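**Student:** There's a structure below that I have some questions on.
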Amino acid sequence: MIVTTLGTNGWFDTENGQTMCTLIRTQNFSIILDAGYGIRRAKSLIDFSKPTYLLISHMHLDHTIGLHTLDYLQFQLPLTIVVPAGQKQAFEELVRPPYTNPWTKMVPDGSKLLDTDELADADLPFEITTLPILHPVPTHGYRLGIEGKTVTYLSDTGYCGNAVKLAGGADLVIAECGALPGTVKGKENAPHMEPEICAQLAIEAEVRQMVLTHFGAGAYTTMSLRKNASDAARSIFPNLTAAVDNMDIVL
Ligand SMILES: [Zn+2]
Ligand SMILES: [Zn+2]
């Protein structure tokens, strides 16, 4: 499988990156993690003859603003969209007139909107575990079992036990790094992580590889600040990379 970080900025687009979107391409299907403006890049990468699953972590706009471009992607098969438990109404209120077209008109007939409480009956072609993670609005992390590998997606979150659980032993953890090194006070109450906290989580959860993404646009104003972040984190957990837009990780 190929994991591609299509949008790696938190909060808003800058010259350094677009807002949050990560694409996972496998033999038989694609998974899109979050729908910031990076989602537009999925159009040239997805094999639309295979099913696609869109997993939304939470409704903050840097993770959902690209939903109004769903019709640009021109899905050919019904799309399955997953939002955190209790967030279907928020999704339907956001992706409708007068803000954009109704979501049901932007995707093929038969497309489904599920919340994380409905996944047990969803008959997905991959294993999925979700847990709420630490953020000011309902937010879920995702642990995915695909082609014998485990990929965990943690965005947005502060350090919390559920994040560690979801990451446990994963082959790849895609972790948010919204804050600059050394700026998070009281890590278990913060809405975001800094690189050192990400690296400590990687060690605690015994993960194989970690990619940092969701660099806060107001804090990470240059790409060299991302490099500083990965240097700080790698001094604690070496198998770690700072994502840039359009970066591939092959698993
Ligand atoms: Zn965010
Ligand atoms: Zn957020």
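The values are calculated or read from the model by the stated rules, or taken from the named source; none is laboratory data. No experiment lies behind these values; they were computed from the predicted model shown. Glycine also receives a Cβ, built like all others from the backbone with ideal geometry; neighbour counts cover every protein chain displayed. SASA here: full protein model, heavy atoms, side chains in, ligands and nucleic acids out. Shrake-Rupley method; radii C 1.70, N 1.55, O 1.52, S 1.80 Å.
**Student:** Evaluated at 25 °C with a viscosity of 0.890 mPa s, what Stokes-Einstein diffusion coefficient in µm²/s does segment 76-130 have when Rh comes from the Kirkwood expression over alpha-carbon pairs?
**Tutor:** Using the Kirkwood radius from Cα pairs, D works out to 201 µm²/s.
**Student:** Here's another thing I want to ask about it. Quickly estimate the mean residue ellipticity at 222 nm for the chain, helices only: each DSSP H run with n ≥ 4 gives -39500 (n - 2.57), and the total goes over all residues, rounded to 500. Provide the component values of the computation, followed by the final result.
**Tutor:** Details: 7 runs with 48 residues, N = 251.
My calculation for the chain gives -4500 deg cm²/dmol from helical runs alone.
**Student:** Probe radius 1.4 Å, ligands and nucleic acids ignored: give me the carbon and sulfur share of the accessible area of segment 2-250 as a rounded percent.
**Tutor:** Working: 5120 of 10140 Å².
Ligands and nucleic acids excluded, carbon and sulfur give 50 percent.
**Student:** Here's something else I'd like to know. Based on DSSP, what percent of beta bridges with both residues in segment 2-250 are antiparallel, to the nearest 5? The partial results should precede the final answer.
**Tutor:** On the way: 26 of 51 bridges.
Antiparallel: roughly 50 percent of the beta bridges in segment 2-250.
**Student:** Let me ask another. In this model, which of Lys43/Lys112; Lys187/Lys227; Lys88/Lys187; Lys165/Lys227 are farther than 25 Å apart at the alpha-carbon?
**Tutor:** Numbers: Lys43/Lys112 20 Å; Lys187/Lys227 22 Å; Lys88/Lys187 30 Å; Lys165/Lys227 27 Å.
The answer is Lys88/Lys187; Lys165/Lys227.
**Student:** Then there's this: Principal axis extents for the chain, Cα atoms only, whole Å, descending order, please.
**Tutor:** 49, 37, 32
**Student:** For Cys198, what charge total do you get from the other residues with a beta carbon under 12 Å from its beta carbon, if Lys and Arg give +1 and Asp and Glu give -1?
**Tutor:** Details: positive: Lys187, Arg234; negative: Glu176, Glu194, Glu196, Glu204.
Here the count lands on -2.
**Student:** Using the heavy atoms of the protein chains alone and a 1.4 angstrom probe, what is the accessible area of segment 1-130 per residue in square angstrom?
**Tutor:** Result: 43 Å² of accessible area for each residue.
**Student:** Note down the magnitude of the dipole of segment 2-250 about its Cα centre, charges +1 on Lys and Arg C-beta and -1 on Asp and Glu C-beta and zero elsewhere, to the nearest 20 debye. Intermediate results must be reported in sequence, preceding the final value.
**Tutor:** Numbers: 18 positive and 27 negative charges, 74 e Å.
Value, rounded to 20: 360 debye.
**Student:** Once you list every other residue whose beta carbon is under 14 Å from the beta carbon of Tyr153, what net charge do they have if Lys and Arg are +1 and Asp and Glu are -1? Could you put the intermediate results ahead of the total?
**Tutor:** Values: positive: Arg143, Lys149, Lys165; negative: Asp34, Glu127, Asp156, Asp171, Glu176.
Value of the local net charge: -2.
**Student:** Give me, ordered by chain and number, the residues 5 or more places off Leu45 or on other chains with an amide H under 5 Å from its own placed amide H.
**Tutor:** So Leu45 has HN proximity to no qualifying residue.
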